[in-house]
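Novice: For reference, the structure I am asking about is given below.
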C-alpha cells in the first residue's frame, strides 16, 4: 500500500466529500472553515491530504500562527475545540504526522498542536486539561424538560416570568451578540475576537448557524452563536452580562438552544469545553451533559516542553487583571490584534 501526502489544492467539494464520508468528523473540517480563518485572521493555512493509491484516505488542516508575543506554531484547529487528524487508517495518519513535522521545520514553528478527542490514539506528548460537555438529545421536548431537576426548571421559569424575550436570527442579530460578547470577555480578562470573524462564520455557514439573543426590555443581556453539523449542535460562543445573572438569562438561552436542537432532529448538544470541576463545568453538568475526553497532541523538537498559552499560565495573570479594567471601547480596538495569535 503506497501512501503519499500533498498540500491540498483541489476543489472544495472533493475535500468535503471525504469529510462527509467520515461519520465522526466535526464540522470544522469542512473546507469553508479555511476561508473563514484566512479572511478573519490573515493566517496562512496548510491543508494536508494523504492519498493511498491515488484515493484520499486522510486529511490534516493546519493554521500557521506567528507573533512576537506568543511565538511561531501550527495548530489544527485554532479558536475551536476540534481538529487534528481525520484518517481512514494508521498508515495515512503516520504519513500526515511526518508531513506536519516536515512543515514545522520548513516554517520554523516551535510546535504543532493537534486538537483531538480521546478516540485518536498517538504516541505523542499530550495535554488532557479539558473535556467536552455533551448532552444527549431525545426526540421530545417534554422528555428533555422532565429530565431536568426541579432547581433548573425553576431557573428557566424565573427567566420566563421576568419577561425576558428570546429572539432568533442571523446576521441581523450580530450586534446583539457581539455587544454582550465584548462585555463578557472584558470582564473575564480575555481579548475579544473582531466582529468580522463572527460575520464570516455566519456568511460561510448560512444553513447551519443561528444567533440567539435574550433581551430585557429590548436590550440584549445574553446571546450565543449556534452551529450544527451531522448529528451535533454546538454553542461555541455564548455570553451573558453578569449584573443580570439573577434573572437566569443563561438558563433560558440554553433551554431554547436545546429546543432548537430537538426541532432539528439532532442527537447531541455539545456545550463546549470546560475544565473539570470549574464553574462552567458545573453549569453544563446540571443540564445532564457528561464529559467526553479531549487531548491535544504536540509535535515538538527534542527536549522542548509543552506550550502553555492559556489564561491559567501565571505569567499572563497581570495582563488579565489589567484587561479587566480597560474601557469596553478600548478592548474592541485592541482585542482583535492580540487574540488572533492566541489559539
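Every read-out reported here was derived from the displayed coordinates using simple, explicitly stated rules and does not represent laboratory data. Nothing here was measured: the structure is a model prediction, and the numbers come from that model. Because the Cβ atoms are built from the backbone with ideal geometry, glycine has one as well, and the counts that use them run over all protein chains shown.
Novice: If you rank 168, 287 by fewest surrounding Cβ atoms within 10 Å, what's the result?
Specialist: 168, 287
Novice: Also, I was wondering about something else. With the convex hull built on the Cα atoms of the range 139-248, state its orientation-averaged projected area in nm². Kindly include the intermediate steps, with their values, before the conclusion.
Specialist: Values: hull surface 31.8 nm².
So the mean shadow area of the Cα hull is 8.0 nm².
Novice: Now for a different question. Given a Förster radius of 30 Å and the C-beta distance between residue 161 and residue 187 as r, what FRET efficiency does 1/(1 + (r/R0)^6) yield to the nearest 0.05?
Specialist: Working: r = 26 Å, r/R0 = 0.88.
Efficiency computed from Cβ-Cβ geometry: 0.70.
Novice: What is the order of 98, 142, fewest Cβ neighbours within 10 Å to most?
Specialist: On the way: 98 13, 142 9.
Listing 98, 142 from fewest to most nearby Cβ atoms yields 142, 98.
Novice: Ok, one more. Ranked highest first by the average count of other Cβ atoms within 10 Å around their residues, in what order do 216-226, 17-27 fall? Display every interim value, and only then the final one.
Specialist: On the way: 216-226: 20.4, 17-27: 15.0.
Final packing ranking: 216-226, 17-27.
Novice: Hey, another quick one. Does anyone have the angle between helix 32-41 and the longest principal axis of the chain? Alpha-carbon axes, 0 to 90°, nearest 10?
Specialist: 80
Novice: Then there is this: As a check on your grasp of the helix formula, calculate [θ] at 222 nm for the chain: sum -39500 (n - 2.57) over DSSP H runs of n ≥ 4, divide by the residue count, round to the nearest 500.
Specialist: Details: 11 runs with 122 residues, N = 343.
Helix-only estimate at 222 nm: -11000 deg cm²/dmol.
Novice: Running a GNM on the chain with Cα contacts under 10 Å, which residue among 305, 92, 196 ends up with the highest mean-square fluctuation?
Specialist: 305
Novice: Quote to one decimal, in nm, the extra length available between residue 91 and residue 263 on full extension: 0.36 nm per residue of separation minus the C-alpha distance between them.
Specialist: Values: separation 172, 0.36 × 172 = 61.92 nm, distance 4.03 nm.
Value of the extension gain: 57.9 nm.
Novice: Moving on to the next point. Could you please rank 240, 76, placing first whichever residue has the fewest other Cβ atoms within 10 Å of its Cβ? Could you put the intermediate results ahead of the total?
Specialist: On the way: 240 24, 76 30.
Final ranking by Cβ density, sparse to dense: 240, 76.
Novice: Mind giving me the FRET efficiency for residue 98 and residue 67? R0 is 25 Å, r the Cβ-Cβ distance, nearest 0.05 is fine. Provide the component values of the computation, followed by the final result.
Specialist: Values: r = 27 Å, r/R0 = 1.08.
E(calc), rounded to 0.05, equals 0.40.
Novice: Let me ask another. Please give the contour-minus-distance gain from residue 20 to residue 280: 0.36 nm per residue of separation, less the Cα-Cα distance, rounded to one decimal in nm. It would help to have the intermediate numbers written out before the result.
Specialist: Values: separation 260, 0.36 × 260 = 93.60 nm, distance 3.15 nm.
Taking residue 20 through residue 280 to full extension adds about 90.4 nm, to one decimal.
Novice: While we're on this one: Please give the FRET efficiency for residue 172 paired with residue 55, using the beta carbon to beta carbon distance and R0 = 51 Å, rounded to the nearest 0.05. Walk me through the numbers on the way to the answer.
Specialist: Working: r = 44 Å, r/R0 = 0.85.
After rounding, the FRET efficiency stands at 0.70.
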